[in-house]
1. Among the residues of the range 44-60, count how many are in contact with a strand residue (DSSP E or B) (Cβ under 7 Å, 6 or more places away or on another chain), more than 13 Å from the ligand (Cβ to nearest atom) and assigned to a loop (DSSP other than H, G, I, E, B).
2. Which of the residues that make up the range 5-43 are of a type in the set (Ser, Thr, Tyr) and either closer than 19 Å to Ala64 by Cα or assigned to a helix (DSSP H, G or I) (or both)?
3. In the range 69-96, which residue that is of a type in the set (A, V, I, L, M, F, W, C) and surrounded by 15 or more Cβ atoms within 10 Å (Cβ to Cβ) is farthest from Arg123 (Cα to Cα)?
4. With the structure loaded, tell me whether Asp92 is acidic (Asp, Glu) and more than 16 Å from the ligand (Cβ to nearest atom) or whether it fails that test.
5. Quick test of your reading of the structure: Val110 fulfils all but one of (1) within 12 Å of the ligand (Cβ to nearest atom); (2) surrounded by fewer than 17 Cβ atoms within 10 Å (Cβ to Cβ); (3) assigned to a strand (DSSP E or B). Name the failing condition by number.
6. What are the pairs with Cβ atoms under 9 angstrom where one residue, in the range 152-175, is among the hydrophobic types (A, V, I, L, M, F, W, C) and the other, located anywhere, is assigned to a helix (DSSP H, G or I) and modelled with pLDDT of 95 or more? Sequence gap at least six, or different chains.
7. Restricting the search to the range 131-175, which residues are crowded, with 20+ Cβ neighbours inside 10 Å and not in a helix (DSSP H, G or I)?
8. For the range 10-43, how many residues meet the condition of being closer than 23 Å to His136 by Cα and within 14 Å of the ligand (Cβ to nearest atom)?
Amino acid sequence: MSILKVARMGHPVLRAKARRLEKADIRSVAIQKLIDDMIETMREYHGVGLAAPQVHEAVRVFVAALDAGEEDAPQVETLAIINPEITVIGSDVVEDWEGCLSIPDIRGRVPRAREIAVRAMDRRGDRIELHAHDFHARVIQHETDHLDGVLFFDRMKSFESLTFLDEYSRYWNKD
Ligand SMILES: [Zn+2]
């Protein structure tokens, strides 16, 4: 496995619409290696999600630490999500902090749907359906946006909350 170079804001690949993958593509050595490398790259840079365009590959794949368990038995693991289709559930919108490995050292508050259902394929090319709310729903919406060339800045209602990481730690992260 290898750690991949992460594209930063301004690179055109981050603004391109990524292409869907067929089952045969997903099972190819190239895509399986891409997924392994994306997981290693995400961990190296302490990300919670990473989309293929962020490593210069315009295909509809992202990896993220998500809850893959049942409602009563949550189990967080790193999953590869391919060709995701999001359906928003309900009308709740929540605003919270986001960062992005392609926009280093900056945080901003972004409104997102609280609850979503996701139809996608897994790394074997099998159909899966996920249900997510709050933090995991936020991660999935952020990563799916990358596949359409959308960055979290585009989703912000105002730029007043934009904050460098040092100032975020100093003034905003009260955890
Ligand atoms: Zn991002």
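1. Counting residues in the range 44-60 that are in contact with a strand residue (DSSP E or B) (Cβ under 7 Å, 6 or more places away or on another chain), more than 13 Å from the ligand (Cβ to nearest atom) and assigned to a loop (DSSP other than H, G, I, E, B) gives 2.
2. Thr41 - this is the single residue of the range 5-43 that is of a type in the set (Ser, Thr, Tyr) and either closer than 19 Å to Ala64 by Cα or assigned to a helix (DSSP H, G or I) (or both).
3. Per the stated criteria, the residue is Val94.
4. yes
5. Status for Val110: all satisfied but (2).
6. Phe152/His142; Phe152/Asp145; Phe159/Phe153; Leu162/Phe153
7. Within the range 131-175, Ala132, Thr163 meet the criteria.
8. 5
The values are calculated or read from the model by the stated rules, or taken from the named source; none is laboratory data. All of these numbers come straight from a predicted model, not from anything done at the bench. Cβ coordinates were reconstructed from backbone atoms using ideal geometry, including for glycine residues, and neighbour counts include every protein chain displayed.
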